[in-house]
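Take a look at the structure set out below.
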Amino acid sequence: MFFQHLLNGLIIGGIYAMVALGYSMVYGVLQIVNWAHADVLMFGTFIGMLLATFLHVPVIAMVLLAALFTAILGMAVERVAYRPIKSANRRMAVLVSALGMSTFLQNLAQLVFGSGTRQFKVFDTNAYEIGGMKITGMQILILSVTAVMLLILYIMVYRTKLGIAMRACSVSIDNAKLMGINTNMIISGTFGVGAFMAGVAGILVGNYYNAVYPTMGYLLGMKAFAAAILGGIGSIPGAVFGGFIIGVIESLGAGYISSAYRDAFSFLVMILILIIRPAGLLGAKHIDKV
Amino acid sequence: MGKILEVKDLSVNYGVVPALRDISFHVDEGEVVALIGPNGAGKTTTMHTISKLIKPKSGEILYCGKSIVNEEPHNLVSMGISQVPEGRGIFQPLTVAENIEIGAYLRKDKEGIKRDKEWVYDLFPRLRERMKQISGTLSGGELQMLAMARALMARPKLLLLDEPSMGLAPVIVEDIFHIIKKINKDQHTTILLVEQNAQMALTASTRAYIIEVGQIIREGSSKELKSDDQIQKSYLGL
């Protein structure tokens, strides 16, 4: 039973990890929390659902199109809600702007898609038995998509010029400019990449629970944010690690203690870890040298 | 030789506080020019204004005869201006090799980049030994070398150096200035140098400007300034 819970935890943890990366990467370059991240995810999931249900777009194309839409929406949010005020370095204004954007997107979704819950089921849901553990086709899909996405992201961040530029921006925007880096483009790209992954995660989670609704981003976003904080916000490996930890703890807690407190376990663990390590598990410790 | 950089009547304010008042100076092609002054004189402000991180209140900055006052900071590198900022501005979580790589961010010529990497590693052999290291683990002198190597990777026509001697042991400072002269001689890179260490700056430069409380108070050839009584008293401690 333990391994079954562990497996379930890793699966949902992968989703949290993909969403957490968006929070962490944006925080890395701009030191702001993009509160609209989870709502951008929700919007993308709706688009995916509409593409699949009404336009009967093939699954792979649907995922790619919806994720691309999510990426563009994520970049638009940065352009409209953050870029005009971030230069003034007003952290509080950015925070309010982010919360406003989040509410706006939720209300817009209610207006356009209605406030009810829509069904979304396009993947294989047959259950298989492997080594005494039950796993569904959907779960296998989530695991493999998560693995592929994380691998692509890893290569992009650590092996490409764009990745080096992103990491340089997260150290210092001004110094990145001195290297000839168009920092606005990199910031925009960071929002895009984060939102793309959130779009994929949204479609997976929407199918996992067979539900898409305007406030679906709320709890998912909070947990992913907890994962990002737990791992050390701004740290890419931290976000992935944090996502899996939150997923596993939630699953074990629900299985062995009580499923009624499923959501409480994640936050409890986050609080405990932050008391011991305020910068998060893999959070940056700054060394200043003259 | 033509003027590569010309600053005319430049004024900069921080809020209502004036930091630079109508300063004018120029750098000819192939020169090493030093801007010397004490803490708070406006040296770094001048550098940041040239590299466009700060917007001036008034005045003009010409690079190769063309105004760059309204240029975006990231465009300057492709125009041929590289800066080693105050405090080096090394991306410390990145490795030494990655920092060098990012200096060539805008270049597309793979072969040339490879050649220049070899060249900067030859110029700073210490960096070659530490290529794979996270740059946050380097010593102050090594960080300064890395910052210079990184700036050189952009193949600049004009290199701006902001306090290369800051916080370094005298023997390392000597090394650094030796390399500055070498870069100017071998690569014909024009260098504008901002320094508190007047002794070193006057030795390495051809001409110098003395800046105090946001104004240029003296200018001349470095030789002449070095033997000037007043300069010796206030800046060289002789």
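What whole-number distance in Å separates the alpha-carbon centres of the range A:1-31 and the range A:143-185?
Centre-to-centre distance over Cα atoms comes out at 19 Å.
In the range B:1-80, which GluC sites (Glu not before Pro) are in a loop and have at most 11 other Cβ atoms within 10 Å, using DSSP for the loop call?
Hits after loop and neighbour filter: nothing returned.
In whole Hz, what ³J(HN,Hα) sequence does the range B:225-234 give by Karplus (6.51, -1.76, 1.60; θ = phi - 60°), x for Gly and Pro?
In residue order, the calculated couplings are 5, 5, 9, 6, 4, 5, 4, 4, 5, 7 Hz.
If I model a spin label at A:Leu111 and A:Val59 as a point 7 Å from the Cα along the Cα→Cβ vector, what separation in nanometres do I get?
Between A:Leu111 and A:Val59, the simple spin-label model gives 3.5 nm.
Run the simple label-point estimate for A:Leu252 and B:Thr203 please: 7 Å along Cα→C-beta, distance reported in nm.
About 6.3 nm, to one decimal.
With each label point set 7 Å from Cα along the Cα-Cβ vector, what nm distance links A:Asn126 and B:Val213?
My value for the distance between the label points is 8.6 nm.
Which is farthest toward the positive dipole end of the range A:2-276 among A:Val96, A:Gly116, A:Gly13, measuring Cα position about the Cα centre, with Cβ charges +1 (Lys, Arg) and -1 (Asp, Glu)?
It is A:Val96.
For the range B:70-221, with only Lys/Arg (+1) and Asp/Glu (-1) charged at the beta-carbon, what is the dipole magnitude about the Cα centre, in debye rounded to 20?
For this selection, approximately 500 debye.
Name the residue farthest towards the positive end of the dipole of the range A:2-276 from the options A:Gly206, A:Ile273, A:Ile245, assuming +1 on Cβ of Lys and Arg, -1 on Cβ of Asp and Glu, about the Cα centre.
In the range A:2-276, that residue is A:Ile273.
If r is the Cβ-Cβ distance from B:Asp22 to A:Thr160 and R0 is 51 Å, what FRET efficiency results, to the nearest 0.05?
Efficiency, from the Cβ-Cβ distance: 0.65.
Report, by chain and number, residues whose modeled amide H sits under 5 Å from the one on B:Ala19, excluding near sequence neighbours (fewer than 5 apart, same chain).
B:Val12, B:Asn13, B:Tyr14
Quick one: divide the alpha-carbon radius of gyration of the range B:131-229 by 2.2 N^0.38 Å and tell me what you get.
1.15
Could you give the size of the charge dipole of the range A:2-276 about its Cα centre, using +1 on the Cβ of each K and R and -1 on the Cβ of each D and E, expressed in debye and rounded to the nearest 20?
560 debye
Quick one: compute a quarter of the convex hull surface over the Cα atoms of chain B and quote it in nm².
With the hull built on Cα positions only, its mean projection is 12.7 nm².
Can you compute the FRET efficiency between B:Glu118 and A:Ala260 using 1/(1 + (r/R0)^6), with r the Cβ-Cβ distance and R0 = 51 Å? Round to the nearest 0.05.
Efficiency for this residue pair is about 0.20.
May I have the pair-distance distribution P(r) for the protein assembly as shown, computed from all Cα-Cα distances with 20 Å bins from 0 and rounded to whole percent?
Cα pair-distance distribution for the protein assembly as shown, in percent: 21, 44, 26, 9, 0.
Pairs B:Lys57/B:Lys233; A:Lys86/B:Lys43; B:Lys52/B:Lys132; B:Lys8/B:Lys57; B:Lys181/B:Lys223: which are spaced more than 22 Å apart, C-alpha to C-alpha?
Going by Cα-Cα distance, B:Lys57/B:Lys233; A:Lys86/B:Lys43; B:Lys52/B:Lys132 fall outside the 22 Å limit.
Grab the DSSP H runs of the protein assembly as shown that are 4 residues or longer, score each as -39,500 (n - 2.57), total them, divide by all residues and round the 222 nm result to the nearest 500 deg cm²/dmol.
After summing the helix terms and dividing by residue count, I get -18000 deg cm²/dmol.
Run through the range A:42-113 and list the chymotrypsin sites (Phe, Trp or Tyr not before Pro) located in a DSSP loop whose Cβ has at most 15 other Cβ atoms within 10 Å.
Answer by residue number: A:Phe54.
Kindly state, to the nearest 0.05, the FRET efficiency for B:Ser221 paired with B:Glu174, given R0 = 22 Å and r defined as their beta-carbon distance.
E between B:Ser221 and B:Glu174, to the nearest 0.05, is 0.50.
Mind checking the angle between helix B:110-123 and chain B's longest principal axis? C-alpha axes, 0 to 90 degrees, to the nearest 10.
The two axes meet at around 70 degrees.
Just tell me how shielded A:164-172 is by partners: mean number of partner chain Cβ atoms within 10 Å of each residue's Cβ, no decimals.
If you average over the peptide's residues, the count of other-chain Cβ atoms is 4.
Rounded to the nearest 20 debye, what is the charge dipole size of the protein assembly as shown about its Cα centre when +1 sits on each Lys and Arg Cβ and -1 on each Asp and Glu Cβ?
Charge dipole of the protein assembly as shown: 540 debye, to the nearest 20.
Spelling out what I want: for every residue of the range A:117-128, take phi, set θ = phi - 60°, compute 6.51 cos²θ - 1.76 cosθ + 1.60 (Karplus), and round to whole Hz; glycine and proline get x.
8, 9, 7, 8, 8, 10, 9, 4, 10, 4, 9, 10
I'd like the mean, over residues of B:88-98, of how many other protein chain beta carbons sit within 10 Å of each residue's own Cβ.
Rounded to a whole number, the mean comes out at 5.
Of the candidates A:Met185, A:Met138, A:Met62, which one comes out as most mobile in a Gaussian network treatment of chain A with C-alpha springs shorter than 10 Å?
Per the Cα network of chain A with a 10 Å cutoff, A:Met185 tops the list.
Bear in mind that the values in this text are calculations on the coordinates, not laboratory data. Fair warning: this is a prediction, and the values are worked out from it, not measured in the lab. Ideal geometry is used to build each Cβ from the backbone, glycine not excepted, and the neighbour counts take in all protein chains shown.
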